[in-house]
């Protein structure tokens, strides 16, 4: 058995960085089902004054390819004796430059490392876990905001599907993505078109098709981004069923952000949104697909969020505790559930 040390990446968010080791331990454990062998002695350690995640196991090349995508992973080393670290080359899913993720800055943006962690946990809980490295999956964020999750899906080489009720956020995402693609000189098309339901205009749809290189474009190896400017609780007739491999959403925290209720006002309770939206979101999942949600436990208890998922025929996937502090008013947690099939 070999011993390994994973150097944790620095985080721009100090509070998140202080908890990255514990969260990475839970994330590493979630990778176990797709690895060829088991990992043991998973722990946090300080080596040369720097924080590492340490573990023991026998890693095949494909195992390393999987672990290359750990959200807080920066570099992997094999430990030689008590003092030496031998670098292990990583091969992360990184179809585009990292500034696709890091450039956008705006109030309410979810931490990029946490976004990747939530997506990883959801993928690993789904029937697509074994295809995570090889197939062009579809990731849906039904609370897309300005596209952090959508951009992470693009980084992985996947198609991205989003729903966002705020038209300004949809416009901002369109402007950013088009500007970024033009600056990178990547072949793409982008248009914002009306969507009709029962003869009436019901939404707007942003459609972007892009390729990572000229060679991919010529070969037809393109990725697609679709963002609906619509109410995520009223998707009937706007999106087809079974269109997504995973659904990933960071719910309104009930502090600065809320969601619309049935009377058109703003509700600060994420459970109000969940009760109305989960039936819609579950319908989007393919059989065996998974849904991963994060929310503020100070305004919604975990067991109540799980009850909503269970009531809609989803199965809760167990994982190590991921509850962590974001700031004084937000204690964030994660729940993952799978659609049977």
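The values are calculated or read from the model by the stated rules, or taken from the named source; none is laboratory data. Treat the numbers as computed from the prediction; the structure is a model and nothing was measured. Cβ sites come from the backbone with ideal geometry, for glycine too, and all protein chains shown count toward neighbours.
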For this session: Would you mind stating whether residue 45 is surrounded by fewer than 15 Cβ atoms within 10 Å (Cβ to Cβ) and either more than 17 Å from the chain's Cα centre (by Cα) or not assigned by TED's automatic domain parsing to the domain that holds residue 123 (or both)?
Result: yes
Exercise. Within the range 5-24, can one find any residue that is modelled with pLDDT under 95, closer than 21 Å to residue 86 by Cα and touching a helix residue (DSSP H, G or I) at 6+ places or on another chain (Cβ under 6 Å)?
Worked result: yes
Seminar exercise, completed: Of the residues in the range 55-91, those that are in a strand (DSSP E or B) and surrounded by 17 or more Cβ atoms within 10 Å (Cβ to Cβ) number 8
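What number of residues within the range 39-62 satisfy the criterion of being in contact with a strand residue (DSSP E or B) (Cβ under 8 Å, 6 or more places away or on another chain) and under 19 Å from residue 133 (Cα atoms)?
1
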Exercise. Counting only residues that are out of contact with any helix residue (DSSP H, G or I) (no Cβ under 8 Å at 6 or more places or on another chain), assigned to a helix (DSSP H, G or I) and surrounded by 19 or more Cβ atoms within 10 Å (Cβ to Cβ), how many does the range 283-310 have?
Worked result: 1
For this session: Could you tell me whether any residue of the range 179-194 is free of Cβ contacts under 8 Å to residues at least 24 places away in the same chain, out of contact with any helix residue (DSSP H, G or I) (no Cβ under 8 Å at 6 or more places or on another chain) and closer than 14 Å to residue 224 by Cα?
Result: yes
Seminar exercise, completed: The one condition residue 108 fails out of (1) surrounded by 12 or more Cβ atoms within 10 Å (Cβ to Cβ); (2) at pLDDT 90 or above; (3) on the phi > 0 side of the Ramachandran plot is (2)
For this session: Test each condition in (1) closer than 28 Å to residue 31 by Cβ; (2) over 17 Å from the mean Cα position of the chain (by Cα); (3) crowded, with 16+ Cβ neighbours inside 10 Å; (4) at pLDDT 95 or above for residue 280 and report the one that comes out false.
Result: (1)
Seminar exercise, completed: Being within 30 Å of residue 33 (Cα to Cα), over 11 Å from the mean Cα position of the chain (by Cα) and surrounded by 23 or more Cβ atoms within 10 Å (Cβ to Cβ) narrows 125, 129, 153 down to just 125
Problem set entry | Matching option when the condition is assigned by TED's automatic domain parsing to the domain that holds residue 293 and in a loop (DSSP other than H, G, I, E, B), among 153, 107 | 107
For this session: Those residues that are within 16 Å of residue 72 (Cβ to Cβ) and in contact with a helix residue (DSSP H, G or I) (Cβ under 6 Å, 6 or more places away or on another chain), I need them from the range 95-108; list them, please.
Result: 101
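Out of 224, 214, 184, I need the residue that is touching a strand residue (DSSP E or B) at 6+ places or on another chain (Cβ under 6 Å), at pLDDT 90 or above and on the phi < 0 side of the Ramachandran plot. Which one?
Details: 214 fails: touching a strand residue (DSSP E or B) at 6+ places or on another chain (Cβ under 6 Å); 184 fails: touching a strand residue (DSSP E or B) at 6+ places or on another chain (Cβ under 6 Å).
Only one candidate qualifies: 224.
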For this session: Name every residue in the range 195-215 that is surrounded by fewer than 17 Cβ atoms within 10 Å (Cβ to Cβ) and more than 23 Å from residue 231 (Cβ to Cβ), in order of residue number.
Result: 209, 213, 214, 215
Exercise. Take the residues of the range 322-335 that are farther than 15 Å from residue 292 by Cβ and out of contact with any helix residue (DSSP H, G or I) (no Cβ under 7 Å at 6 or more places or on another chain): which is surrounded by the fewest Cβ atoms within 10 Å (Cβ to Cβ)?
Worked result: 328
